[in-house]
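Comments concern the structure below.
The values are calculated or read from the model by the stated rules, or taken from the named source; none is laboratory data. This one's a predicted model, so the numbers in the text were calculated from it and none came from an experiment. Counting neighbours? That spans all protein chains shown, and the Cβs are built from the backbone with ideal geometry, glycine included.
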Amino acid sequence: MMRRLVSNALCGPLVAALLVLILNGSWAKPVVKAPAEPQVHEQGADETQDTGLHYDAYLRQVVEVLESDDDFRKKLETANVTDIKTGKIAMYLQMVNHTVRMKLDEIKRQEIARLQDLVRAQIRGMSDPREFRRNLPGHLDVNNPHSFEIKDLETLIKKTTADLEELDKQRKAEFKEYEMEKKFEEEEKLKQMAEDERQKEKVRLEELKKKHAEHPKINHPGSKDQFEEVWDKVDHLEDQEFNPRTFFFQHDINGDMEWSIEEVDAVLQLELDKVYDEKNAPEEDDPIERQEEMNRMREHVFKEMDVDKNMRISLQEFINYTGQNGDNEHFKEDEGWKTLDEEEVFSDDDYAKFLEEHRAQADVLREIGGDLRFQPEQHQQQQQVQQPDHQQQQFQQQQQQFQQQPPQNQQQFQQQPPQHQQQFQQPPPQGQQQQQQFQQPPQGQQQQQFQQPPPQGQQQQQQFQQQPPPQGVQQQQQVPQGDTNMNQMSALDQRKLQQQLQDVKAQLEEQQKKNQNQAPPSP
């Protein structure tokens, strides 16, 4: 489940206000503390991580070009958060110089061309229509494909705001689903064990939970106790009295007089290390839970200190919160912190709904002859031979199966009754191929379904017997060894699978109706 963010490479006001503002910090990853000296970045280097938006490249290009204009940058620095999020700041686009406007026009034309390529791909059938519908242009004014105007910037800001907020909701929903899947898999594993093994496993799991809960006291994120511990153990300034201003500059890595999302994350790592140790991952200390714990801590720090809600903590905001000498009463309070295992991530109703959806998915799989687990190779091949299907589909499937059979599987087919052997026999000499290849079997045998295939079918059979398949086909035909639990798939993949299963079910029902309509009336 789903973590992206705009980093310090483009940490100017527009990125901070237009992009990072919209993120509540849920996309940031743990950051290793960088050297204190400011680093020089090459112009145009792509050092930011993907926001997850399908128009991410277009968004970044617009941001970079606008930040190159000094007048627009100054207006942005004095704008309030509401004007930025609503797109009102776009009215100042008229202030940018002619060169910047020309660059913006070209960026928009390139984006229009990209969208047109998507349309053509859909028409050619090269793209999933549902994927295309998700990429419908809502981030620019398509009525004017030639120039970048105020409406384009306003539309881009509003669209980015809405999309990133939606991605944040999706991140939280995916984590909740991850926790429910984790509980479900644990319960299913216990059900499949013998009684004595089940009791031992329960004891082992309980011990892991107890060990995870045994950790040093977690300081309240952003409290004086938390900062002083970083001051002593990370900054190694234990011989000096804690000073808020010095502490701020010590962790302002790029020296821009503000704490960014990454810089706040770096300050929180010591608290996270108390609870989540990589050496104990993943059973005792889950790294995905660590990521979510960091998201929660960061959100709390910004909620407490970030007064103007631009997702950056300025020096003044920091001092106002701590006090000049760290003497503010609220800053000195340490309420501690409840970790994820002490909070309710999902309710009983949430889990009951999850189980209901899981059972519905299992029912669909059973109706089409499937299972929640991938079938072993040999068992899957036998099922494919036994299940009836349309003549042409069955013909092609048996060709592919025969191609991939190991020697022992070839012997298995050779030991079948004569009427089955003829389907997989090696081709006779060239002069006798067409005569022997599709001989009519005695009446009542199962080979009747392959009688007199069209010339095209003969040609496919000869190609199958003489030439190996393309490499891509071989890769598609290989079946994973062993049982792979479908519940290990991500929530997004499971939803896609469920949709595919529903489509297959609908097709089967439609085919059954057609067969019933075509069936001759009973005498």
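Going through LEU190, LEU205 one at a time, which residue ends up being closer than 29 Å to GLU271 by Cα and in a helix (DSSP H, G or I)? Let's see the steps before the verdict.
Numbers: LEU190 fails: closer than 29 Å to GLU271 by Cα.
Selected residue: LEU205, the only one of LEU190, LEU205 that is closer than 29 Å to GLU271 by Cα and in a helix (DSSP H, G or I).
Please state which one of GLN192, GLN226, GLN199 is under 30 Å from PHE318 (Cα atoms) and of a type outside the set (Asp, Glu).
After applying the criteria, what remains is GLN226.
Looking only at the range 70-89, how many residues end up being modelled with pLDDT of 75 or more and more than 35 Å from the chain's Cα centre (by Cα)?
The number of residues fulfilling the criteria is 5.
Just for the range 315-357: of the residues that are among the β-branched types (Val, Ile, Thr) and part of a helix (DSSP H, G or I), which one is nearest to GLU304 (Cα to Cα)?
Step one: of the range 315-357, the residues among the β-branched types (Val, Ile, Thr) are 319, 322, 339, 345.
Still in the running and part of a helix (DSSP H, G or I): 319, 322.
Working: ILE319: 12, THR322: 11 Å.
Here the residue is THR322.
Checking the conditions here, which among ARG245, ARG296 is assigned by TED's automatic domain parsing to the domain that holds ILE313, part of a helix (DSSP H, G or I), among the basic types (Lys, Arg) and at pLDDT 95 or above? Even if it seems obvious, please write down each step before you answer.
Working: ARG296 fails: at pLDDT 95 or above.
When all the criteria are applied, what remains is ARG245.
When you check GLU195 against the structure, is it surrounded by fewer than 14 Cβ atoms within 10 Å (Cβ to Cβ) and modelled with pLDDT under 90, yes or no? Full working, then the answer.
Numbers: surrounded by fewer than 14 Cβ atoms within 10 Å (Cβ to Cβ): yes; modelled with pLDDT under 90: no.
Spelling it out, it is not the case that GLU195 is surrounded by fewer than 14 Cβ atoms within 10 Å (Cβ to Cβ) and modelled with pLDDT under 90.
Considering only the range 233-242, state which residues are under 39 Å from the mean Cα position of the chain (by Cα) and surrounded by 15 or more Cβ atoms within 10 Å (Cβ to Cβ).
Selection gives VAL234, ASP235.
Conditions (1) surrounded by 14 or more Cβ atoms within 10 Å (Cβ to Cβ); (2) within 20 Å of GLU342 (Cβ to Cβ), marked per residue:
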{"residue": "LYS210", "(1), (2)": "no, yes"}
{"residue": "ILE218", "(1), (2)": "yes, yes"}
{"residue": "PRO244", "(1), (2)": "yes, no"}
{"residue": "ILE288", "(1), (2)": "yes, yes"}
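Test LYS200 against the criterion of being in the same structural domain as ASP265 (by TED's automatic domain parsing) and part of a helix (DSSP H, G or I), and give yes or no. Give the steps one after another, and end with the answer.
Values: in the same structural domain as ASP265 (by TED's automatic domain parsing): yes; part of a helix (DSSP H, G or I): yes.
So LYS200 fits the description; yes.
Evaluate the range 303-311: report whether one residue or more is crowded, with 16+ Cβ neighbours inside 10 Å, at pLDDT 90 or above and in contact with a helix residue (DSSP H, G or I) (Cβ under 6 Å, 6 or more places away or on another chain).
Within the range 303-311, one or more residues are crowded, with 16+ Cβ neighbours inside 10 Å, at pLDDT 90 or above and in contact with a helix residue (DSSP H, G or I) (Cβ under 6 Å, 6 or more places away or on another chain).
Residues that are among the hydrophobic types (A, V, I, L, M, F, W, C), over 21 Å from GLU333 (Cα atoms) and under 31 Å from the mean Cα position of the chain (by Cα): does the range 274-282 have at least one?
Going through the range 274-282, the residues among the hydrophobic types (A, V, I, L, M, F, W, C) turn out to be 275, 281.
Going one step further and asking which of them are over 21 Å from GLU333 (Cα atoms), we end up with 275, 281.
Going one step further and asking which of them are under 31 Å from the mean Cα position of the chain (by Cα), we end up with 275, 281.
Yes, that holds for at least one residue.
Please go through the range 62-79 and pick out each residue that is of a type in the set (D, E, K, R) and part of a helix (DSSP H, G or I).
Residues of the range 62-79 of a type in the set (D, E, K, R): 64, 67, 69-71, 73-75, 77.
GLU64, GLU67, ASP70, ASP71, ARG73, LYS74, LYS75, GLU77, listed by residue number.
What number goes with the only condition from (1) at pLDDT 90 or above; (2) within 25 Å of GLN500 (Cα to Cα) that ARG134 does not pass?
Among (1) at pLDDT 90 or above; (2) within 25 Å of GLN500 (Cα to Cα), ARG134 violates only (1).
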